[in-house]
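Novice: Here you go, one structure.
The values are calculated or read from the model by the stated rules, or taken from the named source; none is laboratory data. Predicted, not measured: the structure shown is a model, and the values here were computed from it. All Cβ positions, glycine included, derive from the backbone under ideal geometry; neighbour counts span all protein chains shown. Quick note on the areas: whole protein, heavy atoms, side chains included, nothing else; ligands and nucleic acids left out. Shrake-Rupley method; radii C 1.70, N 1.55, O 1.52, S 1.80 Å.
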Amino acid sequence: MPALVLLGAQWGDEGKGKATDLLGGSVDYVVRYQGGNNAGHTVVVGDQKYALHLLPSGILSPGCTPVIGNGVVVDPSVLFSELNGLNERGVDTSKLLISGNAHIITPYNVTVDKVTERFLGKRKIGTTGRGIGPTYADKINRVGIRIQDLYDESILTQKVEAALDGKNQLLTKVFNRRAIEVEKVVEELLGYADRLKPYVADTVLVLNQALEQDKVVLFEGGQGTLLDIDHGTYPFVTSSNPTAGGACTGSGVGPTKISRVIGILKAYTTRVGSGPFPTELFDEDGEALRRIGGERGVTTGRDRRCGWFDAVIARYATRVNGLTDFFLTKLDVLTGWDEIPVCVAYEIDGRRVEELPYSQTDFHHAKPVYEYLPGWSEDITQAKTFADLPKNAQNYVKALEEMSGAPISAIGVGPGRDETIEVNSFL
Ligand code: GDP
Ligand code: IMO
Ligand code: MG
């Protein structure tokens, strides 16, 4: 049995944490493969609410082994505070495995992230300020620090020196900041080594052996398709590959092992940070979606930008990820509208365009072409089966499925684990 990938089909915050947690009870491993603590995944279990940033959402399922893969960037201080928070609430985190090849978010990269954004001024990306971009930049520049480097002081010192040589020039001469001392950084990083040690593993081997033994492995994406460094709305993206291919490079599991790719799709659209967003609303409907949907960032506390569902984006997500299924979330938030606009195409400089334009200029000019679907007013949060949904809600789901190019196999009608309608089984 199989490896499954679960990822965001829009601009993040689609409800990946809830979906992963839901499946976590039936899988053996849940693996984060990219991103870091820029993610904010909310999981609601009974009356308990958890906000996870770096840890895979499977950590809340006792039978499941959570894994931080090689493609993730790890801020050890954040990791420890997240582990402490869970331990204080009685969650056992001892099974966690972390790849020795995962890169460390060093304190200087958090500084560089914040200073770079300040210098970009109105052109800023609106990053989470967690050091994600500079850490991936160091990785690609081959001056990154990996978890395994913590266990060889001499190598660690040489690598921090190599990283800071250039960075200190930048910080002092361009950004007008004080230089960062190699010794201080090395000391801080070494301070994490002992506590990290029991978790560090050859996760590539562990995961591939697990698959050979017919265990079920679930890959949990952070962020979303349109925030992907290659396939997203560049440059207003994150610095990793949340799309399906990232699950392979970020974990060392080959594509032939992956049998299902599930796109988490919000019944409307949200985005945090800068960048184009064709269906964004600036009126009371946008305000209502934000209020009813509780659309406020889990990581930075920023209000999320809100808009109607965009089928062009959903189709694009199906294509670039090879989606086999959708998990539609937050349908309950749309209760109460007489009719619900759905963007079916764009108008770009007078032309109707059905697919996401590859040109950034065109995408910035894209205006949504709406179809209006009849709404419903009945409370749907208690619905357990598709048939329990009011006819118009059923039709909304069917219309989205038709436009988006993959079957909708689950529907979220509330934040809780059990507030989900399972249409087709994922396992
Ligand atoms: P993630 O980053 O993709 O894990 O999503 P976030 O946790 O940042 O944001 C999704 C929010 O929607 C969280 O507050 C979830 O508790 C909530 N949520 C998830 N699914 C549903 C749903 O079907 N209905 C409602 N009302 N809330 C949901
Ligand atoms: P989850 O996993 C929504 C956005 C930031 C910014 C851009 C780059 O909860 O869906 P970064 O700090 O990654 O360099 O910022 O990406 N962003 C997210 N938006 N959900 C997330 O994660 C995000 N992680 C990053 O707002 O626009
Ligand atoms: Mg989130």
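Novice: Looking at V272, V261, V253, which one is more than 15 Å from the chain's Cα centre (by Cα) and touching a residue at least 60 places away in the same chain (Cβ under 8 Å)?
Specialist: Result of the check over V272, V261, V253: V253.
Novice: Given (1) within 16 Å of ligand 3 (Cβ to nearest atom); (2) in contact (Cβ under 8 Å) with a residue 60 or more places away in the chain; (3) under 25 Å from V143 (Cα atoms); (4) open to solvent by less than 10 Å² (accessible area, probe 1.4 Å), where does L54 come up short, assuming only one miss?
Specialist: Here L54 clears every test but (2).
Novice: Looking only at helices (runs of 4 or more DSSP H) that lie completely in segment 114-197, which have at least 1 residues being closer than 30 Å to T233 by Cα and of a type outside the set (D, E, K, R)?
Specialist: In segment 114-197, 132-141, 153-169 are the helices (runs of 4 or more DSSP H) which contain 1 or more residues that are closer than 30 Å to T233 by Cα and of a type outside the set (D, E, K, R).
Novice: Take V298 and decide whether it is farther than 20 Å from A19 by Cβ, of a type outside the set (S, T, Y) and within 16 Å of ligand 2 (Cβ to nearest atom).
Specialist: no
Novice: Would you please name the residue that is nearest to P56 (Cα to Cα), looking only at residues in segment 214-242 that are surrounded by fewer than 18 Cβ atoms within 10 Å (Cβ to Cβ) and touching an Asp or Glu at 6+ places or on another chain (Cβ under 9 Å)?
Specialist: The qualifying residue nearest to P56 (Cα to Cα) is K215.
Novice: Sticking with this structure for a sec: Scan (1) touching a residue at least 12 places away in the same chain (Cβ under 8 Å); (2) away from ligand 2 (no atom under 16 Å from the Cβ) for the single condition K18 breaks and write down its number.
Specialist: All conditions are met except number (2).
Novice: Oh, and also: Report, by residue number, each residue of segment 256-301 that is away from ligand 3 (no atom under 16 Å from the Cβ) and hydroxyl-bearing (S, T, Y).
Specialist: The answer is T256, S259, S274, T279.
Novice: Evaluate segment 60-77: report whether one residue or more is within 9 Å of ligand 1 (Cβ to nearest atom), part of a helix (DSSP H, G or I) and either in contact with a helix residue (DSSP H, G or I) (Cβ under 8 Å, 6 or more places away or on another chain) or open to solvent by less than 30 Å² (accessible area, probe 1.4 Å) (or both).
Specialist: no
Novice: Pick from V186, V237: which is in contact with a helix residue (DSSP H, G or I) (Cβ under 7 Å, 6 or more places away or on another chain) and either assigned by TED's automatic domain parsing to the domain that holds E117 or at positive phi (or both)?
Specialist: Result of the check over V186, V237: V186.
Novice: Does at least one position in segment 354-366 carry a residue that is out of contact with any Pro (no Cβ under 8 Å at 6 or more places or on another chain) and within 30 Å of D47 (Cα to Cα)?
Specialist: Looking for residues that are out of contact with any Pro (no Cβ under 8 Å at 6 or more places or on another chain) and within 30 Å of D47 (Cα to Cα), one finds none in segment 354-366, hence no.
Novice: Across segment 21-40, which residue is farthest from ligand 1 (Cβ to nearest atom) among those that are outside any loop (DSSP other than H, G, I, E, B) and open to solvent by less than 10 Å² (accessible area, probe 1.4 Å)?
Specialist: V31
Novice: List, please: which pairs have Cβ atoms under 7 Å, are six or more places apart or on different chains, and start with a residue in segment 282-304 that is of a type outside the set (A, V, I, L, M) and open to solvent by 50 Å² or more (accessible area, probe 1.4 Å) and end with one that is assigned to a helix (DSSP H, G or I) and within 16 Å of ligand 1 (Cβ to nearest atom)?
Specialist: The qualifying pairs are D303/R290.
Novice: Can you pull out the residues in segment 263-280 that are crowded, with 22+ Cβ neighbours inside 10 Å and in a strand (DSSP E or B)?
Specialist: Selection gives G263, I264, L265, K266, T269, T270, R271.
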